[in-house]
Amino acid sequence: MDIDLKQYIGLFVEEAKEHLQSMNDALLNLEKDKDNLSHVNEIFRGSHTLKGMSGTMGFVNMSNLTHQMENVLDEVRNGRISLNEKIIDILFTCFDVLGDMVNYIAAYGQEKESDNSELIEELQKVIRENKPAEPDEQRVEEAVEFDNYVLNIIRKAKAEGLNGYKIQINLSPSCMLKSARAFIIFNLLESVGNIVYSNPSADDIEDEKFDFSFTIAVITSLSKEELLEKLNQVSEIEKIEVELIDVEENANEVINYDKKNTNSSQIISEIKTPKKESSKVGKTVRVDIDRLDNLMNLVSELIIIKTRLEDLSSNSNMKEMEDTLEYLERITTSLHDSVMKVRMVPVERVFNRFPRMVRDLSKELNKKVNFIIHGENTEVDRTVIDEIGDPLIHLIRNSMDHGIEKPEERIKLGKAEEGNLTLKAYPDGNSVVIEISDDGRGIDFERVREKAIEKGIYTMEEMDKLTVNDLKNVLFEPGFSTSENVNEISGRGVGLDVVKNKIESINGSVELETEKNKGTRFTIRIPLTLAIIEALLVKVMDETYAIPISSINEIVLIDKRDIKNLHGQDIILYRGNTIPIVRLDRAMGLESGASMDEYTAVVVKKGNKQAALIVTGLVGQQEIVIKPLGKFLSSNKMFSGATILGNGSISLIINVNSLL
């Protein structure tokens, strides 16, 4: 029966990306500690798994490349090749190529035609040039060394009433996945005893470096017949021979067993005592994101109905209806919280791509950088995660290029030659804060003034009136850059304006703090979710609008006499600062209301900026569901979406960032 493997491409792509990310992380750690074999083993296992996955799916080129990577890593972990910077660079290149191949498979459902022959040749060259000759006698001596140790385990086991068996397994020649079948046999034997011998070794069997037969020695409390009965349940086995081991007869037999980290008493104790799980593993299930979005949409509709019923109940005195509504509210709140938790993902999903990027940039720029990550387990909504990747890339590249100095320059300034770049995330109320900070040269605002005048953003006279806070905003102007040279990293005038626009598009804000020769810190504040928010409903003439609570400072009453006009802009003194007044009726194109002696104003904020929005009246605070405006209204920046109110009418959600 032919199996249609195309149905598994989505699962393959997702798992392949996970393996590539863990391999990237392990190689970054290995680069810092080249003697740590656990990292080598982790990369080897990842390569081996990818080889098996791609081979099963029929992606031959990917399978060939991972196979050659596996060969190099096997030589490294067995000490036959010394790890060096060149090998690490080649492996990173392999990861990049594999990443491109996976992305191509995700986009087109098939493999690229490139056979990666040059990269495979590089890997083969590494083995040829670095592999030293190894005397055969040494291997024999090492094998003989473990003989008495293993036999001693079997003696102790016999004294405890346990049996030692030598098992010869011959797999069927038609067996397609030898290592997988062997793995099932090993698991079965480990569940009833303890394996103390394997020929070939377990690693070679896992790597399919054997024909169709292998030998195992196992200590167990089962009889020979019981053991045979268990093994006969496994398919694709041609022949099984089980023989009770006589310790004295086998005294001269060579047994290839690595005794490291093994205690004979512990082995026997484990066999006599039933094995228990050391820790409970959380059960997970992969869910298609469209199904999750559909569930979220249904929850949103439920919240809308709840709001509508509340609106109806305000005109009724029916006690029973109020009780029912209270119960409905508890259910919808719990359901909403549960769905939100399902949608929440750690920012680690974005953060884990940056160590590799910093490593590559530091080599390219000849800078030494210590990259520190804090709070990677902080959770945000999946829709937010998808939006913050690009802004963070720009800010990290900006810190690497403009902020952190070269080692010789840092030493002259009395700093350590290695710069610190910190990426931190933490929750703050209904928002998540992400900080990118460095201990570099900071921002030279005199240089910013010169460049702003040179690029025609401001005239000399206008520039003289600007404060330091105004100059910070100049950095976020489109096309602004202080770089003299254009390269792949910076100087094209694309960067901070992209950051600002992207963050503001998800109702977030970005702030800048800097001190010359001390460092720079960018603080990004983003909402936990873009789906359901708390909002203040306000009346502007006869229309109802929603303002996100996260953007509101407070609500104040303004006396008409306190409003001043400066250069055609109405302003007011608010807590010692001059802030502009925005008349929402005019901004929305509505007929202006009558002049009043006192106005209701909602003071809103965007970073360090504030403004007072004049409204006709207040409706109240409410949890609202954000609905997109659709492609025909997507170009309107004044509104970030719409919501359906309890009475069934539609209210537009004001994008505060567009008014400041």
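Run the simple label-point estimate for Leu618 and Asp360 please: 7 Å along Cα→C-beta, distance reported in nm.
5.2 nm
For a quick check: sort Asp290, Asp562, Asp438 by the number of other beta carbons within 10 angstrom, fewest at the front.
Placing the least packed residue first, the sequence is Asp290, Asp562, Asp438.
Ordered by residue, what ³J(HN,Hα) values in Hz, to whole numbers, does the range 331-343 give under the Karplus form 6.51 cos²θ - 1.76 cosθ + 1.60, where θ = phi - 60° and Gly and Pro are x?
So the J values, rounded to whole Hz, are 5, 5, 5, 5, 5, 4, 4, 5, 5, 4, 5, 5, 6.
Would you pull out the residues with amide H under 5 Å of Ser213's amide H, same chain only if 5 or more places away, H placed 1.01 Å from N?
Amide H to amide H, under 5 Å and 5 or more residues apart or across chains, Ser213 pairs with Leu171.
Among residues other than Ser174 whose Cβ falls under 13 Å from its Cβ, what is the net charge (Lys/Arg +1, Asp/Glu -1)?
Within the 13 Å Cβ shell, the charges total 0.
Taking the mean number of other Cβ atoms within 10 Å as a proxy for protection, how do you rank 62-72, 102-112 from highest to lowest?
Descending packing order for the listed peptides: 62-72, 102-112.
Per the Kirkwood treatment, what hydrodynamic radius in Å, one decimal, follows for the range 495-577 from the mean inverse distance over all distinct Cα pairs?
16.6 Å
Take peptides 180-188, 568-576 and line them up by average Cβ neighbours within 10 Å, highest first, as a rough protection proxy.
180-188, 568-576
Would you mind ranking Leu361, Leu325, Leu50 so that the residue whose beta carbon has the fewest other beta carbons within 10 Å leads the list?
Final ranking by Cβ density, sparse to dense: Leu325, Leu361, Leu50.
List, largest first, the extents of the alpha carbons of the range 5-130 along their principal axes, each in whole Å.
So the extents along the principal axes, rounded to whole Å, are 41, 25, 19.
P(r) for the range 532-659: what percent of alpha-carbon pairs falls in each 5 Å bin, starting at zero?
2, 10, 21, 23, 21, 13, 6, 3, 0
Under 15 Å from the Cβ of Pro580, count the other residues' Cβ atoms, weight Lys and Arg +1, Asp and Glu -1, and hand me the total.
Once positives and negatives cancel, what remains is +4.
Report the extension gain between Asp204 and Ala180 in nm, rounded to one decimal, defined as 0.36 nm multiplied by the number of residues separating them, less their alpha carbon distance.
This chain segment gains 7.4 nm when fully extended.
What is the diffusion coefficient of the range 70-130 in µm²/s, taking the Kirkwood radius over Cα pairs and the Stokes-Einstein relation at 20 °C with a viscosity of 1.002 mPa s?
169 µm²/s
Per 0.36 nm of contour for each residue apart, how much would the distance between Glu511 and Glu454 grow if the chain were fully extended, relative to their Cα-Cα spacing?
In short, 18.0 nm is gained.
Would you order Lys86, Lys472 from fewest to most other beta-carbon atoms within 10 Å of each residue's own beta-carbon?
By the 10 Å Cβ count, ascending: Lys86, Lys472.
What is the Cα centroid distance between the range 645-660 and the range 179-221, reported in whole angstrom?
65 Å
Let me have the relative contact order for the range 348-527, percent, based on Cα pairs under 8 Å that are six or more residues apart.
Over the range 348-527, the number comes to 25 percent.
Under 20 Å from the Cα of Lys502, which aspartates and glutamates turn up, not counting those fewer than eight places away in the same chain?
Glu348, Glu379, Asp381, Asp386, Glu387, Asp390, Glu435, Glu477, Glu511, Glu513
No lab work stands behind these numbers, since they all come straight from the coordinates. Keep in mind that this is a model prediction, so the values were computed, not measured. All Cβ positions, glycine included, derive from the backbone under ideal geometry; neighbour counts span all protein chains shown.
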